[in-house]
Number of protein chains: 2
Amino acid sequence: MTLTVRKFSVPEIFFGRGSLKYAGLCAKRLGAEKIFLVSDEGLEKSGWVDRVFELIEDEHLKCFYFSDVVANPRDFQVQEGARLYIEEGCDVVMAIGGGSPMDAAKGIALVASNGGTVHEYEGANRIQRPLPPMVFIPSTGGSGSDVSQFTIVNDVRRRVKMSIISRTLVPNISIIDPFLLTTKSRPLVIAAAIDAMAHAVESYVSLLASPFTEIHSLKAIELIFKHLPRAVETGSIDALENLCIASTSAGMAFSNASLGMDHALAHSLGGMLDAVHGLIHPVLLPHVMRYNLPACREKIAKIGEIVLGRRLKNIDETAHGGIEKLAEYCEALNVSTRLRDIVPDRSELPRLCRMAVNDSCLLTNPRPATWEDMLRICEDAW
Amino acid sequence: MTLTVRKFSVPEIFFGRGSLKYAGLCAKRLGAEKIFLVSDEGLEKSGWVDRVFELIEDEHLKCFYFSDVVANPRDFQVQEGARLYIEEGCDVVMAIGGGSPMDAAKGIALVASNGGTVHEYEGANRIQRPLPPMVFIPSTGGSGSDVSQFTIVNDVRRRVKMSIISRTLVPNISIIDPFLLTTKSRPLVIAAAIDAMAHAVESYVSLLASPFTEIHSLKAIELIFKHLPRAVETGSIDALENLCIASTSAGMAFSNASLGMDHALAHSLGGMLDAVHGLIHPVLLPHVMRYNLPACREKIAKIGEIVLGRRLKNIDETAHGGIEKLAEYCEALNVSTRLRDIVPDRSELPRLCRMAVNDSCLLTNPRPATWEDMLRICEDAW
């Protein structure tokens with residue numbers, strides 16, 4: 001194995017049941033006097049936002065609350081948040097929620113400190129100045145935004161989800177409390193866990209994978225495969241905790257190894273059709289894995305070994321068997337596995353693929369692909 | 001599995017052949033104008049220190065060089081370094097070398113920024129003020145100091161190695177270049193790798209182990225077991241690179257999960273007799289594992305599964321088989337495996353154990369132990 005230089009960066013992590021209690025203290029340690037808190041209605045209803053207000057008050061800190069965020073967060077929401085951050089004189093960004101509030105919070109931190117509009121930073125390594133300290137509290141066990149170098153923001157005019165990737169987007173502290181998942185609906189738990197599974201699979205076969213990311217990818221696949229069904233059936237805190245571990249591991253992996261074609265397409269689908277991100281992967285991931293197979297047979301066989309619990313006769317059988325097992329696994333979760341359920345109009349597929357071929361995530365896909373290759377995959381998946 | 005709250009913190013890592021070239025740039029990114037560079041004679045002779053001088057000059061940065069460091073670095077060396085750091089107006093600490101220069105550099109950064117003497121910070125979490133930015137470049141594939149929250153400094157008057165543990169001792173950036181190992185002698189490569197193996201084993205069974213540390217511990221055991229013999233026989237860069245991966249993984253694990261009785265004793269031996277740290281583990285680790293067995297049978301069996309390449313009839317056999325295999329493995333490396341070679345005078349053992357029972361590392365040993373328990377273990381190992 002010859003490695004070129006690989007970078008590995010993760011935030012400081014507080015993990016465990018009840019770890020939410022450190023939220024105020026962590027912000028204080030980072031020098032907070034007035035926190036810009038980002039969340040959304042779902043978290044408000046479940047009472048977690050009020051709990052965070054209490055924790056902030058306990059440390060005698062001030063807080064400005066911003067909840068004007070939707071799924072697939074919009075560029076104009078980020079701009080408005082940044083304006084308010086400055087106007088209110090905040091000094092630390094805190095987010096509690098799923099990928100959307102967390103990605104919005106990163107965008108806000110970025111624009112508030114680096115100026116201009118969020119669009120100027122699309123792509124990799126385009127952020128020059130340091131961001132304000134960030135304390136993130138994930139509530140879904142999926143997006144990994146709390147540990148990652150990524151933020152994904154919807155460019156409303158172009159109907160494109162922009163990937164912004166920079167080491168400075170890694171939050172300072174991630175507080176991962178499995179209790180937060182107990183108030184999530186089953187569909188949300190599933191969508192988030194499948195997103196984490198896609199992070200794990202794509203980061204594992206990524207061209208930028210390293211020994212430091214690979215072990216996290218594999219651990220995540222193993223844990224999600226084992227614990228998601230039980231988490232869905234019983235809502236057991238033990239199973240949910242394991243999903244949190246998996247999601248965090250997958251986040252550490254993809255943050256440093258990046259992703260692949262499945263995410264390139266998923267970002268474009270999110271931008272074009274506002275599709276629920278986590279529900280795109282069951283439709284596309286097995287097809288993308290089949291396409292990638294010639295470029296990473298041994299790695300896909302390793303995934304096969306984990307999900308099948310054993311090796312089959314040879315590498316090819318184990319790899320194919322693994323892909324089929326993953327596809328069955330998604331079907332058993334009662335989520336859609338056909339692209340037509342997300343893109344009803346098949347004639348939109350070419351536009352989708354012409355957009356996705358420009359997504360940064362495609363750069364690390366193990367097998368190169370043109371937009372026509374991607375179109376064939378989407379046709380198969382439709 | 002019920003977890004209490006666990007913390008996980010690692011530096012930003014640059015890993016790979018040739019990654020040394022980023023040394024100057026990394027310091028600059030952290031705001032350096034004048035670097036306090038710590039290294040030792042061995043690194044000077046092999047030419048690496050000159051290379052770092054060049055890299056620093058390339059970025060138009062100034063540098064003060066400090067090499068008054070020995071193995072098991074002394075408290076007075078740290079104090080003198082801190083005085084010079086301030087006097088010279090340095091703003092970033094860089095270290096290139098094995099555990100000793102790196103630990104000395106941490107001590108210097110600590111005293112220069114927090115004042116007083118290094119003794120005042122002995123134990124866990126006693127550092128109040130932030131340290132200057134630190135860029136560390138390990139040269140041995142062993143100590144893990146470049147990724148850890150630990151520094152170990154010799155209190156000359158008391159003849160005790162003090163463990164100082166704090167999140168703020170994690171360097172900002174670790175640059176891990178396997179080429180640096182090519183200039184190391186075989187005995188040094190062995191001593192360092194065995195130290196990493198001990199980090200991996202002790203962190204894996206530690207009371208503070210978490211899912212985030214356990215996978216790193218196991219990966220390190222697997223890699224060292226597989227690649228150390230080849231690294232010693234052939235000096236192949238591929239094998240050395242794998243030792244670097246292992247050492248880094250073991251470092252991430254023990255930094256966050258801490259260690260156990262083997263290291264408590266090793267620190268005391270280093271303080272009392274100035275013993276070579278890495279060569280203590282072959283003597284003690286198998287005995288400590290046997291003592292710990294009742295408290296962590298399944299975990300030691302997991303280690304057994306890795307080093308044996310398979311499970312034996314049951315957990316106990318696999319665990320015992322693993323310990324014996326590890327002991328044989330050390331013997332095959334032609335290092336001493338009897339404590340008498342390190343402590344010629346058996347009557348010193350009680351003093352050793354009375355000292356070691358107070359080491360912070362014992363707090364996370366999976367099975368509690370009195371100094372008398374430790375004495376029995378040392379008598380067995382003698």
Ranked by GNM mean-square fluctuation in chain A (Cα springs under 10 Å), the top entry among A:112, A:250, A:220 is A:112
Kirkwood hydrodynamic radius over Cα pairs of chain A, then Stokes diffusion coefficient at 25 °C and 0.890 mPa s, in µm²/s: 119 µm²/s
Between copies, how far apart are the residue B:123 label points? List them in nm, one decimal, shortest first, with each point 7 Å from Cα toward Cβ, please? 5.4
Estimated dipole of segment B:12-180 in Debye, rounded to 20 [Cβ of Lys and Arg +1, of Asp and Glu -1, Cα centre]: 520 debye
Relative to the first principal axis of the alpha-carbon coordinates of chain B, what is the inclination of helix B:315-332, with its axis defined by its Cα atoms, in degrees from 0 to 90 and to the nearest 10? 50 degrees
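Could you sort out which of A:226/B:226; A:7/B:21; A:7/A:302 sit more than 21 Å apart by Cα distance in this structure?
Result: A:226/B:226; A:7/A:302 exceed 21 Å.
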Enumerate by residue number the trypsin sites (Lys or Arg not before Pro) in segment B:62-96 meeting two conditions: DSSP loop (anything except H, G, I, E, B), and at most 15 other Cβ atoms within 10 Å of the site's Cβ. none
Quick one: check the C-alpha center-to-center distance for segment B:151-229 versus segment A:219-234, whole angstrom. 32 Å
Among B:117, A:344, A:105 - extreme Cα towards positive end, dipole of the protein assembly as shown, charges at beta-carbon: A:344
Cβ-placed point charges (K, R +1; D, E -1), dipole of segment B:186-381 about Cα centre in debye, nearest 20: 300 debye
Residues A:318, B:337, B:117, A:140 in order from fewest to most other beta-carbon atoms within 10 Å are B:117, B:337, A:318, A:140
Chain B: calculated mean residue ellipticity at 222 nm from DSSP helix runs of at least 4, using -39500 (n - 2.57): -16000 deg cm²/dmol
Checked segment B:12-180 against the a/c 1.5 cut and the a/b vs b/c comparison, axes a ≥ b ≥ c from its Cα gyration tensor; verdict prolate
Of all DSSP beta bridges in chain A, what percent run antiparallel (nearest 5)? 20 percent
Cα centroids of segment A:13-40 and segment B:28-106: how far apart, whole angstrom? 35 Å
Sorting from shortest, the nanometre distances separating the label point of residue B:313 (7 Å past Cα along the line to Cβ) from those of the same residue in the other copies are 3.5
Given contacts defined as C-alpha pairs under 8 Å and at least six residues apart, what's the relative contact order of segment A:12-180, whole-number percent? 28 percent
Let me spell out the model: positive unit charges on the Cβ of Lys and Arg, negative unit charges on the Cβ of Asp and Glu, origin at the Cα centre of the protein assembly as shown. What dipole size does that give, in debye rounded to 20? 800 debye
Please give the FRET efficiency for residue A:313 paired with residue B:313, using the beta carbon to beta carbon distance and R0 = 35 Å, rounded to the nearest 0.05. 0.80
Indicate the gyration tensor shape class of segment B:74-167 (rounded, prolate or oblate), computed on the Cα atoms with a ≥ b ≥ c the square roots of the eigenvalues: a/c under 1.5 is rounded; otherwise a/b larger than b/c is prolate and the rest oblate. rounded
Take the alpha carbon gyration tensor of segment B:149-268, find the square roots of its eigenvalues, order them as a ≥ b ≥ c, and report rounded if a/c is under 1.5; if not, report prolate when a/b exceeds b/c, else oblate. prolate
Inter-copy label distances at residue A:341, 7 Å along the Cα→beta-carbon direction, one decimal in nm, shortest first? 6.5
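Below 8 Å, C-alpha to C-alpha, sequence gap of six or more: please give me the relative contact order for chain B in percent.
Worked out over chain B, it gives 15 percent.
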For chain B, longest principal axis from Cα atoms; helix B:281-292 axis from its Cα atoms; angle between them, nearest 10 degrees, is 50 degrees
Of B:294, B:73, B:11, which has the largest mean-square fluctuation in a 10 Å C-alpha GNM of chain B? B:294
I'd like the antiparallel share, as a percent to the nearest 5, of DSSP beta bridges with both residues in the protein assembly as shown. 30 percent
Build a GNM of chain B with springs between Cα atoms under 10 Å: which of B:309, B:251, B:98 gets the top mean-square fluctuation? B:309
Beta carbon of chain A nearest to the axis of the rotation taking A to B, residue and angstrom distance: A:215, 2
So, how do all the Cα-to-Cα distances of the protein assembly as shown break down into 10 Å bins, in percent, from 0 on up? 3, 14, 24, 26, 20, 11, 3, 0, 0
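No value in this document is a laboratory result; all are computed from the given coordinates. The shown structure was predicted, so the numbers you read here are calculated from the model rather than taken from an experiment. All Cβ positions, even for glycine, are placed from backbone atoms using ideal geometry, and neighbour counts span all protein chains on display.
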